[in-house]
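Written below as structure tokens is the structure these notes are about.
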Amino acid sequence: MAAVDKYTKTAVTLHWLIALFITANVILAIGAGYVPDADVRPMIDLHKSLGITVLGLFIARVLWRLTHKPPPLPAAYRPLEALAAHAAHLALYALILALPVTGWIHDSAWSAAASHPMKLFWIIPWFRLSFITGLDPASKAYVHTLFGHIHTYLSYALYGVLGAHVLGALKHQFFDKHPEIQRMWL
Ligand code: HEM
């Protein structure tokens, strides 16, 4: 087989870590609706910890990408496929940033935030956003509800874009027989 243009090892590691943590976060958030009450809080605490970690990994990913050119898309892609792939990548970047940020704003506006300090993975003390925690109670309740809705709608958008991204990659790999997964593998 001809040599495959690959992403760097750092880009590959960040890609799969972000994919793993986002998948875990969706399972935790949805799963929290189906478990006994005693398990809900630890699941949501883990959700917040993974979400803040994704934000950190996202920043690392963007900095890496700005300083390390990704490999070009395979020449065999039709122009429309290349456009769709780029559009999905751009939308994924936007969602990977917007989901943690809206979750963090939603949580910072929680009326019980002061009595439930955030700790990443139950170890590292973490901060709420002071421009939200400092709001009056009525504004906080409004922001809490609004950003809870935005967070939920963004998660629906994530399912759509992620589905298109994964199906596109699988189509190239198995129908078109391009070494697609190898590009994003160590
Ligand atoms: C990778 C980043 C994240 C993803 C993919 C994600 C995804 C989700 C999803 C799918 C839901 C359930 C929405 C619904 O169906 O109503 C949810 C709920 C929630 N998320 Fe996130 N989230 C992320 C980051 C965060 C962060 C950073 C925080 C807070 C610091 C956070 C706080 C919450 C809270 C409090 C809920 C509501 C849980 C409940 O029902 O009580 N999320 N998130």
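Things to note:
- Applying the criteria of a DSSP loop state and at most 15 other Cβ atoms within 10 Å to the chymotrypsin sites (Phe, Trp or Tyr not before Pro) of the stretch 154-186 yields Trp185.
- Positive minus negative residues near Pro71 (Lys, Arg vs Asp, Glu; Cβ under 15 Å): +3
- Size of the chain: Rg and Dmax of its alpha carbons, in Å, are 19.0, 63.
- When the surface is traced with a 1.4 Å probe over the full set of protein chains, Ser139 keeps roughly 40 Å² accessible.
- Accessible surface of the stretch 11-142, 1.4 Å probe, proportion on carbon and sulfur as whole %: 75 percent
- Prolate/oblate/rounded call for the stretch 35-101, Cα gyration tensor, a/c under 1.5 rounded: prolate
- Alpha carbon centroid spacing (whole Å) that separates the stretch 19-38 from the stretch 131-179: 15 Å
- For the chain, a Gaussian network of Cα nodes joined below 10 Å ranks His165, His86, His15 by mean-square fluctuation, and the top entry is His86.
- Residue order for Thr23, Thr53 - accessible surface, 1.4 angstrom probe, largest first: Thr23, Thr53
- Around the Cα centre of the stretch 9-183, unit charges on the Cβ atoms of Lys, Arg, Asp and Glu (plus for the first two, minus for the last two) sum to a dipole of about 540 debye.
- Solvent-accessible area per residue for the stretch 9-183 (1.4 angstrom probe, square angstrom): 59 Å²
- Reachable aspartates and glutamates, given that their alpha-carbon falls under 15 Å from the alpha-carbon of Lys171 and they are not under 8 places away in the same chain: Glu81, Glu180
The values are calculated or read from the model by the stated rules, or taken from the named source; none is laboratory data. Worth saying up front: this structure is predicted, and the values here are computed from it rather than measured. Backbone-built Cβ (ideal geometry, glycine too); neighbour counts: all protein chains shown. Only protein heavy atoms, including side chains, enter the accessible area calculation; ligands, DNA and RNA are left aside. Shrake-Rupley method; radii C 1.70, N 1.55, O 1.52, S 1.80 Å.
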